[in-house]
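**Student:** Could you have a look at this structure, given as structure tokens, before my questions?
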Amino acid sequence: MNNIEISQIATLPTKHGTFKIQAFKELPECGEGKEHLALFTDDLKEIDVPIVRVHSECLTGDALSSVKCDCGEQLTFAQALIAKEGGMIIYHRQEGRNIGLLNKVNAYALQDSGFDTVAANHQLGFRADERTYEIVEFILNHFGIKKLKLLTNNPAKMESLPNVNIVERIPIQITPNPYNENYLKTKKDQLGHLL
Ligand SMILES: [Zn+2]
């Protein structure tokens, strides 16, 4: 990936602690012009094997307090843990497992009429998961991160980073609510997530 525009590094104080933030923009000739973020702690360079969370954008969960999925809670968990232990969150702007916001809302409408999250994607002509991870490897490489502990409940995510040495998987513990119980069950049964 050559055509990536990289921002300066700025400070971002959050409810969970103070991070450094840097943006990575895919230029149009390289992908869809998406802008991704790296949120990292000041001590990142000194940590031998940092904790890394690759968080896929979920506008409804991350910003609108949706409890239909567990993304918002996962992000909060990741920020709190990484602020304490040091490491990095890569905010991966591939909304709705990369089907985009409009399609995700259509998938939600199908879910309202009884489809599960995977069946709804299929109904719209998408695979259950359309995400790609080249930009994630680019960002890790940019920071010289060769070894990491991956914060995820999704073992498939470990396979999507073949050039990274993942020495450990750290699970995220989320308590299901009545709205996301079925969603979490589908992720477990059909997408191989470990809860
Ligand atoms: Zn979500």
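**Student:** So for the range 171-186 (the condition being among the charged types (D, E, K, R), touching a residue at least 12 places away in the same chain (Cβ under 8 Å) and either farther than 15 Å from Cys69 by Cβ or not in a strand (DSSP E or B) (or both)), does at least one residue qualify?
**Tutor:** no
**Student:** So which residues in the range 49-93 are buried (at least 20 other Cβ atoms within 10 Å of the Cβ), more than 14 Å from the ligand (Cβ to nearest atom) and of a type in the set (Gly, Ala, Ser)?
**Tutor:** Scanning the range 49-93 gives a single hit, Gly87.
**Student:** Given the conditions (1) touching a residue at least 40 places away in the same chain (Cβ under 8 Å); (2) surrounded by 12 or more Cβ atoms within 10 Å (Cβ to Cβ), which single one is not true for Val167?
**Tutor:** (2)
**Student:** Next question. Looking at (1) touching a Ser or Thr at 6+ places or on another chain (Cβ under 9 Å); (2) under 18 Å from Cys69 (Cα atoms), which is the only condition Met158 fails?
**Tutor:** Met158 satisfies every listed condition except (2).
**Student:** Would the range 132-146 turn up any residue that is in a strand (DSSP E or B) and either crowded, with 16+ Cβ neighbours inside 10 Å or of a type in the set (Phe, Trp, Tyr) (or both)?
**Tutor:** Within the range 132-146, none of the residues are in a strand (DSSP E or B) and either crowded, with 16+ Cβ neighbours inside 10 Å or of a type in the set (Phe, Trp, Tyr) (or both).
**Student:** Give the range 103-124 a look and list any residue that's under 19 Å from Glu57 (Cα atoms) and either part of a loop (DSSP other than H, G, I, E, B) or of a type in the set (Gly, Ala, Ser) (or both), or say none.
**Tutor:** Ala107, Ala120
**Student:** Hey, another quick one. Would you please list the contacts, defined by Cβ atoms under 7 Å and residues six or more apart or on different chains, that run from a residue in the range 52-72 that is within 16 Å of His36 (Cβ to Cβ) to a residue that is among the small types (Gly, Ala, Ser) and more than 8 Å from the ligand (Cβ to nearest atom)?
**Tutor:** Going by the 7 Å Cβ cut-off, the qualifying pairs are Val52/Gly87; Arg53/Ala78; His55/Ala78.
**Student:** Inside the range 94-104, can you point out the residues that are closer than 17 Å to Cys71 by Cα, more than 12 Å from the ligand (Cβ to nearest atom) and surrounded by fewer than 17 Cβ atoms within 10 Å (Cβ to Cβ)?
**Tutor:** The answer is Gly100, and nothing else.
**Student:** Considering the range 63-73 alone, what residues qualify as being of a type outside the set (Gly, Ala, Ser), over 15 Å from Tyr108 (Cβ atoms) and at pLDDT 95 or above?
**Tutor:** none
**Student:** Within the range 99-134, count every residue that is among the acidic types (Asp, Glu) and under 19 Å from the mean Cα position of the chain (by Cα).
**Tutor:** 3
**Student:** Being of a type outside the set (Val, Ile, Thr) and surrounded by fewer than 16 Cβ atoms within 10 Å (Cβ to Cβ) is the filter here; which residues of the range 170-190 pass it?
**Tutor:** Those that are of a type outside the set (Val, Ile, Thr) and surrounded by fewer than 16 Cβ atoms within 10 Å (Cβ to Cβ): Pro171, Gln173, Pro176, Asn177, Pro178, Tyr179, Glu181, Asn182, Lys185, Lys188, Asp189, Gln190.
**Student:** Give the range 31-48 a look and list any residue that's surrounded by fewer than 16 Cβ atoms within 10 Å (Cβ to Cβ) and more than 19 Å from the chain's Cα centre (by Cα), or say none.
**Tutor:** Asp42, Asp43, Lys45, Glu46, Asp48
**Student:** Name the one entry in Leu124, Leu148 that is modelled with pLDDT of 95 or more and away from the ligand (no atom under 16 Å from the Cβ).
**Tutor:** Exactly one of Leu124, Leu148 is modelled with pLDDT of 95 or more and away from the ligand (no atom under 16 Å from the Cβ), namely Leu148.
**Student:** Look at Thr18 and say whether it is β-branched (Val, Ile, Thr) and more than 12 Å from the ligand (Cβ to nearest atom).
**Tutor:** When the stated conditions are applied, Thr18 passes them.
The values are calculated or read from the model by the stated rules, or taken from the named source; none is laboratory data. Since we're looking at a predicted model, the values are computed, not measured. As a convention, Cβ positions derive from the backbone with ideal geometry for all residues, glycine included, and neighbour counts pool all protein chains shown.
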